[in-house]
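Enquirer: Sharing a structure here in structure tokens format.
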Amino acid sequence: MDDRMSDQTSTCRLGVRVTPRRPGFDFEGLEHELPRAWHPAGIGPTAFLEALSAMAPVVEGFFIDDARRLLPRIAAEAPRAEVEAFLRQEAAHAGMHAAFNRLLIRWGVPVDASADSVLRWLAVVDWTSSDLRSAVAMAGEHFLGEIGNAILSRPELLAGVDPRIARLFRWHGYEEVEHKAVLFDAFHAARGHGLYTYAVRVAGLWIALVLLALALPAVSCRILASAGAAQDLRAWRGLIRFVFGRGGMLRGGWRAVAAYHRRDFHPWRYLDNRRFLSELRDTIVDPAWEGRARRAAAGAAGDDSHGTQPDHPVDNSSGRK
Ligand SMILES: [Fe+2]
Ligand SMILES: [Fe+2]
């Protein structure tokens with residue numbers, strides 16, 4: 001595994017570079033400008049996207065912990081550098097969603113309670129072996145890669161959303177696709193490709209699936225309740241259509257679940273969607289964000305000789321302990 005070929009990661013072999021960016025979005029005052037149901041399809045889709053954001057800092061923290069645990073077990077230089085870029089991307093996601101979540105709190109969304117409930121679910125995983133915990137994180141990245149792909153390939157999902165909000169989800173979706181194979185490759189670099197690894201990977205998928213199936217509706221329901229729409233059938237219908245309807249966010253997600261069971265599954269082999277990264281780069285990401293991330297990393301390297309400090313500290317204001 002230490003020859004020159006294996007030092008190339010699957011992502012860079014495809015010409016994709018995991019690039020840390022630091023956008024610095026600002027959501028101050030949006031609560032006075034935008035309607036509470038800021039998605040044109042109503043409070044249902046609004047609540048679903050807000051649920052993703054409310055959960056993001058906690059879930060990103062879970063991935064970051066996992067990647068940090070894997071890092072010492074990876075010897076080759078290129079995969080190590082890619083995991084470090086992954087860490088900085090996920091930390092930036094956590095930071096920007098925390099900023100958006102502060103807007104949600106001003107709207108009365110119970111962000112902290114939602115994050116606490118997700119933390120309690122994830123605590124169950126913390127009691128399992130570190131292999132299984134990693135497998136849950138890896139499966140979570142597979143699902144987020146699917147959500148990222150939906151956001152990039154179905155622009156209508158965010159059509160009509162205020163651009164200051166839409167760009168948060170588009171940037172996050174873009175980077176989830178960009179780094180979708182990083183935890184997968186790191187997990188296998190650390191643990192090999194045997195039957196045990198396969199069994200743990202599939203077990204992690206099902207645990208992640210159950211956690212997602214419990215947490216997403218529960219947090220969405222809390223948010224709908226905070227907006228006085230928990231009993232509103234139209235709101236729920238709008239949410240379900242947005243998620244599972246034609247062109248919906250998770251439409252066809254069963255294919256991603258089924259494919260993950262293949263022994264030879266790999267995120268890029270399953271879905272080579274890198275064309276979205278090149279086609280949408282100019283509309284979704286700004287080169288200035290890379291410069292800001294580089295300056296932040298240079299500053300962090302002064303404080304931390306390991307150079308793995310995140311650009312944004314993982315914001316714990318949403319209840320993460
Ligand atoms: Fe992320
Ligand atoms: Fe991710």
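Enquirer: Can you go through F62, F100 and tell me which one is part of a helix (DSSP H, G or I), within 16 Å of ligand 1 (Cβ to nearest atom) and farther than 29 Å from G245 by Cα?
Expert: On the way: F100 fails: farther than 29 Å from G245 by Cα.
Of the residues listed, the single one that is part of a helix (DSSP H, G or I), within 16 Å of ligand 1 (Cβ to nearest atom) and farther than 29 Å from G245 by Cα is F62.
Enquirer: State whether the residues of segment 219-229 include one that is among the β-branched types (V, I, T) and either more than 23 Å from E156 (Cβ to Cβ) or surrounded by fewer than 18 Cβ atoms within 10 Å (Cβ to Cβ) (or both).
Expert: Checked segment 219-229: at least one residue is among the β-branched types (V, I, T) and either more than 23 Å from E156 (Cβ to Cβ) or surrounded by fewer than 18 Cβ atoms within 10 Å (Cβ to Cβ) (or both).
Enquirer: Continuing with the same structure: Scanning segment 264-279 for residues that are closer than 14 Å to E176 by Cα and hydrophobic (A, V, I, L, M, F, W, C), which turns out surrounded by the most Cβ atoms within 10 Å (Cβ to Cβ)?
Expert: Per the criteria, the residue is L277.
Enquirer: For A199, indicate whether it is closer than 30 Å to H32 by Cβ and either more than 17 Å from the chain's Cα centre (by Cα) or outside any helix (DSSP H, G or I) (or both).
Expert: The answer is no for A199.
Enquirer: Please work out if I240 is β-branched (V, I, T), modelled with pLDDT of 95 or more and closer than 18 Å to Y174 by Cα.
Expert: When the stated conditions are applied, I240 does not pass them.
Enquirer: Please count how many residues of segment 248-305 are over 15 Å from Y174 (Cβ atoms), hydrophobic (A, V, I, L, M, F, W, C) and touching a Ser or Thr at 6+ places or on another chain (Cβ under 8 Å).
Expert: The qualifying residues number 1.
Enquirer: Continuing with the same structure: For the list (1) closer than 13 Å to G44 by Cα; (2) free of Cβ contacts under 8 Å to residues at least 40 places away in the same chain; (3) under 19 Å from the mean Cα position of the chain (by Cα), I need the number of the one condition that L157 fails.
Expert: If we test L157 against (1) closer than 13 Å to G44 by Cα; (2) free of Cβ contacts under 8 Å to residues at least 40 places away in the same chain; (3) under 19 Å from the mean Cα position of the chain (by Cα), just (2) comes out false.
Enquirer: Cβ-Cβ below 8 Å, separation at least six or inter-chain, first residue in segment 71-95 and in a helix (DSSP H, G or I), second of a type in the set (F, W, Y): which pairs?
Expert: So the pair list comes out as E90/F63.
Enquirer: Could you tell me how many of the residues in segment 153-190 are of a type outside the set (G, A, S) and within 14 Å of ligand 1 (Cβ to nearest atom)?
Expert: The total comes to 14.
Enquirer: OK, next. Would you check if there is a residue in segment 91-99 being modelled with pLDDT of 95 or more and more than 16 Å from ligand 2 (Cβ to nearest atom)?
Expert: yes
Enquirer: Let me ask something else. Which of (1) over 22 Å from I165 (Cα atoms); (2) surrounded by fewer than 24 Cβ atoms within 10 Å (Cβ to Cβ) does P79 not meet, given it meets every other one?
Expert: Every listed condition holds for P79 apart from (2).
Enquirer: Pick from segment 160-188 the residues that are touching a residue at least 24 places away in the same chain (Cβ under 8 Å) and within 13 Å of D131 (Cα to Cα): which of them is nearest to ligand 2 (Cβ to nearest atom)? I'd like the intermediate steps shown before the answer.
Expert: Initial filter on segment 160-188 (touching a residue at least 24 places away in the same chain (Cβ under 8 Å)): 160-162, 164-165, 167-187.
After this cut, where a residue has to be within 13 Å of D131 (Cα to Cα) as well, the list is 183-184, 186-187.
Numbers: L183: 8, F184: 11, A186: 12, F187: 13 Å.
Once the filter is applied, the top-ranked residue is L183.
Enquirer: Do we find that P35 is out of contact with any Gly (no Cβ under 7 Å at 6 or more places or on another chain) and in contact (Cβ under 8 Å) with a residue 12 or more places away in the chain in this structure?
Expert: So P35 does not fit the description; no.
Enquirer: Taking the conditions exactly as written (within 20 Å of the chain's Cα centre (by Cα) and surrounded by fewer than 24 Cβ atoms within 10 Å (Cβ to Cβ)), does G24 satisfy them or not? Steps first, please.
Expert: Details: within 20 Å of the chain's Cα centre (by Cα): yes; surrounded by fewer than 24 Cβ atoms within 10 Å (Cβ to Cβ): yes.
Yes: the conditions hold for G24.
Enquirer: Does G108 meet the test of being small (G, A, S) and within 15 Å of ligand 1 (Cβ to nearest atom)? Steps first, please.
Expert: On the way: small (G, A, S): yes; within 15 Å of ligand 1 (Cβ to nearest atom): no.
For G108, the condition - small (G, A, S) and within 15 Å of ligand 1 (Cβ to nearest atom) - is not met.
The values are calculated or read from the model by the stated rules, or taken from the named source; none is laboratory data. From a predicted model like this one, the values you see are computed outputs, not experimental measurements. Virtual Cβ from ideal backbone geometry, glycine too; neighbours counted across all protein chains shown.
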